[in-house]
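The structure appears right after this line, and notes come after that.
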Protein chains: 2
Amino acid sequence: MSALSKDDIIAYFKDLQDDICRQLEAADGQGQFHEDQWERAGGGGGRTRIIQGRHIEKGGVNFSAVHGPMPERITQALGVEPGDFLATGVSIVLHPVSPQVPIIHMNVRYFEMSNGQWWFGGGIDLTPHYIDRQQARYFHEQLKSVCDKHHPSYYPEFKKWADDYFYLKHREETRGVGGIFFDRLSGEGGFTKDTRFAFVREVGELFAPLYVKLMKEKKDMPYGEREQSWQRIRRGRYVEFNLVWDKGTKFGLDTGGRTESILMSLPPLAGWTYMHEVEADSPEAETQSLLKKGIDWLRLA
Amino acid sequence: MSALSKDDIIAYFKDLQDDICRQLEAADGQGQFHEDQWERAGGGGGRTRIIQGRHIEKGGVNFSAVHGPMPERITQALGVEPGDFLATGVSIVLHPVSPQVPIIHMNVRYFEMSNGQWWFGGGIDLTPHYIDRQQARYFHEQLKSVCDKHHPSYYPEFKKWADDYFYLKHREETRGVGGIFFDRLSGEGGFTKDTRFAFVREVGELFAPLYVKLMKEKKDMPYGEREQSWQRIRRGRYVEFNLVWDKGTKFGLDTGGRTESILMSLPPLAGWTYMHEVEADSPEAETQSLLKKGIDWLRLA
């Protein structure tokens, strides 16, 4: 039996938020996070932190821990019995200034119910405006390395899950180069709350150093109106994914979540051009050709 | 028994599209519609027409007539028996260049099934970046005038339906000043296919002269970065409505509709600012205060 309490997990996620914010502020070199604390009518609340910096144009690093009687829509959506619940986690989206730097998303979360059921979920995925095969490979290597320490099935399973989840069905394209996505990691199959939590912690702690490295490699690359125009198109697709397909966003908006915290994921500026077509043999065409499920990024570069 | 055939209705909608495009081109004075014809694998197709003009920054005027065996998702969504269907209509969204000119949407449509069931649907709603009470009043007067010719219950019922439909629940705000929205207008309650169609035709024919008048009144008003910034915010809300709440958009994207025709409704450029707040006593605050259900625009100005 684990001695790990829900308060331990909540305290950890708060520390993780603090730690990630410090690393991102240091890497940006100019922007500072602005915090809004909010409370949920039904119980609990959160700390939404937003940065508008020199390299990160709009970034959100949110912590929340909400609890109370489960709303009926949640019991229905999860297929569980009524009771009390706790949902806590850290959720991040960063939109960089430069189209050369990728957009990134990370989430780690824990859910438990008064009947004793619990699980972890989360993931990291990368959305480069311009896909750099070396960066995509490095990104996946780092994810695989963390996964492999915990279970050999984690990386292949969670990589496929990300391909399937971060997918714009109406465009037949992935959101970016994927990453890992996982949900309902419980005590089944020989795992414990401690071993699951150890994995989730490593995912959370990988995020900041990994993104800072990718950002630093790209932040000084030149770009102009062409690249910014493409960035607006790619950001438009990001909006489409989040508003049309992302289950968390839809669920949050539909069940009275804090709108501004949920929609911090939307870019500062996005564009839509009817029938936008990329030029043949261009960097944009190269990126478009790689927005597919099932690419083995570890072997591509 | 009406002699009105489905081919009559399809032919009418095509003519309506032609007529509206001519009027909008004349009013824009520069832009011309570019047409894409497309076919649907299951049967039928459409003519998507897009304009990028001097006053209309991005506008779509789409005709479609699709038919064939009803996909299971459609029978489920509508709660009807399997069979063949026809869905035809004209659908329009116009995003003006100037933040002083309102965004507008219009749709008229007809649906029938092989079992003989049929209905009309549609609506017009106006989304000013800056609400002008006189224009809102005139817009509603015109809608009421068309409605009243056909049934005294139409305007009050369809005006309320628009308030309820064009509503961003997660923002607790309406998309704009509303208009009229109606669906499933069938032969029940003393109506016939002819009388319903006569109403729908008048709605379709009201659209172009009404919008052209509103546009002409506003197109030469000055504006600067402040108004354009607010326009991007309002356009962001338009995106949120269309991608999160609009049933037609979601249904189309989910059932393999033509993505570029469906998403022609999205603005050329939109923005999201965390916790954007309007300045007290500003024109933006005036607009924000009027984004509410239940306003009687006929008596407000």
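Please indicate, with yes or no, whether at least one residue in the range B:269-284 is within 17 Å of the chain's Cα centre (by Cα) and either modelled with pLDDT of 95 or more or within 8 Å of chain A (Cβ to nearest Cβ) (or both). For the range B:269-284, residues within 17 Å of the chain's Cα centre (by Cα) and either modelled with pLDDT of 95 or more or within 8 Å of chain A (Cβ to nearest Cβ) (or both): absent. So, in the range A:236-253, exactly how many residues are more than 10 Å from every other protein chain (Cβ to nearest Cβ) and more than 19 Å from A:Arg73 (Cβ to Cβ)? Adding up the residues that qualify gives 2. Looking across the range B:165-191, not a single residue is at pLDDT below 95 and of a type in the set (S, T, N, Q).
A count restricted to the range B:218-268 and to residues that are over 16 Å from the mean Cα position of the chain (by Cα) and among the hydroxyl-bearing types (Ser, Thr, Tyr) stands at 4.
Scoring B:Asp8 on the criteria (1) modelled with pLDDT of 95 or more; (2) part of a strand (DSSP E or B); (3) closer than 20 Å to B:Leu185 by Cα leaves a single failure, condition (2).
Using the structure shown, decide if B:Tyr155 is buried (at least 17 other Cβ atoms within 10 Å of the Cβ), assigned to a helix (DSSP H, G or I) and in contact with a Lys or Arg (Cβ under 8 Å, 6 or more places away or on another chain). Yes.
Which of the residues belonging to the range B:113-137 are modelled with pLDDT of 95 or more and more than 22 Å from B:Pro222 (Cβ to Cβ)? Within the range B:113-137, B:Trp118, B:Trp119, B:Phe120, B:Gly121, B:Gly122, B:Gly123, B:Ile124, B:Asp125, B:Arg137 qualify.
Any idea which of B:Arg137, B:Arg171 is in contact with a helix residue (DSSP H, G or I) (Cβ under 7 Å, 6 or more places away or on another chain) and within 14 Å of chain A (Cβ to nearest Cβ)? Write out each step before concluding.
Numbers: B:Arg137 fails: within 14 Å of chain A (Cβ to nearest Cβ).
The match here is B:Arg171.
Here is a check on your reading of the model: is B:Val108 in contact with a helix residue (DSSP H, G or I) (Cβ under 9 Å, 6 or more places away or on another chain), closer than 23 Å to B:Gly45 by Cβ, within 14 Å of chain A (Cβ to nearest Cβ) and in a strand (DSSP E or B)? Taking the combined requirement at face value, the residue does not satisfy it.
Only one of the numbered conditions (1) exposed (fewer than 14 other Cβ atoms within 10 Å of the Cβ); (2) within 14 Å of chain B (Cβ to nearest Cβ); (3) hydroxyl-bearing (Ser, Thr, Tyr) is violated by A:Ser289, and that is (2).
B:Lys58 falls short on exactly one of the conditions (1) among the basic types (Lys, Arg); (2) touching a residue at least 60 places away in the same chain (Cβ under 8 Å); (3) surrounded by fewer than 23 Cβ atoms within 10 Å (Cβ to Cβ), and that condition is (3).
Whenever a residue of the range B:173-196 is within 22 Å of B:Asp125 (Cα to Cα), its partners that are crowded, with 22+ Cβ neighbours inside 10 Å and acidic (Asp, Glu), lying with C-beta atoms within less than 8 angstrom and at least six residues away or across chains, give the pairs B:Arg175/B:Asp125; B:Gly176/B:Asp125; B:Val177/B:Asp125; B:Gly178/B:Asp125; B:Gly179/B:Asp125; B:Ile180/B:Asp125; B:Phe181/B:Asp125. B:Ile233 fails exactly one of the following numbered conditions: (1) more than 8 Å from chain A (Cβ to nearest Cβ); (2) touching a residue at least 60 places away in the same chain (Cβ under 8 Å); (3) of a type in the set (Val, Ile, Thr); (4) part of a helix (DSSP H, G or I). What is the number of that condition? For B:Ile233, the failing item is (2). Can you name the residue in the range A:36-56 that is under 30 Å from A:Lys216 (Cβ atoms) and among the aliphatic types (A, V, I, L, M) and, of all such residues, is nearest to the other protein chains (Cβ to nearest Cβ)? Here the answer is A:Ile50.
Just one of the listed residues (B:Tyr211, B:Tyr223) is aromatic (Phe, Trp, Tyr), outside any helix (DSSP H, G or I) and more than 8 Å from every other protein chain (Cβ to nearest Cβ), namely B:Tyr223.
Looking at A:Pro69, A:Pro96, just one residue is buried (at least 23 other Cβ atoms within 10 Å of the Cβ) and either modelled with pLDDT of 95 or more or more than 17 Å from the chain's Cα centre (by Cα) (or both), and that residue is A:Pro96. Condition first: assigned to a strand (DSSP E or B), touching a residue at least 24 places away in the same chain (Cβ under 8 Å) and farther than 21 Å from A:Asp8 by Cβ. Can you find one or more residues in the range A:85-93 that meet it? The answer is yes; a qualifying residue exists. For the range B:99-135, a residue qualifies if it is within 19 Å of B:Ala162 (Cα to Cα) and among the hydrophobic types (A, V, I, L, M, F, W, C), and the qualifying residues are B:Ile103, B:Ile104, B:Met106, B:Val108, B:Trp119, B:Phe120, B:Ile124, B:Leu126, B:Ile131. Restricting attention to the range A:236-281, the residues that are assigned to a loop (DSSP other than H, G, I, E, B) and among the aromatic types (Phe, Trp, Tyr) add up to 2.
The values are calculated or read from the model by the stated rules, or taken from the named source; none is laboratory data. Note that the structure is a prediction, hence the values are computed from the model and not measured. Note: ideal-geometry Cβ built from the backbone for every residue, glycine included; neighbour counts use all protein chains shown.
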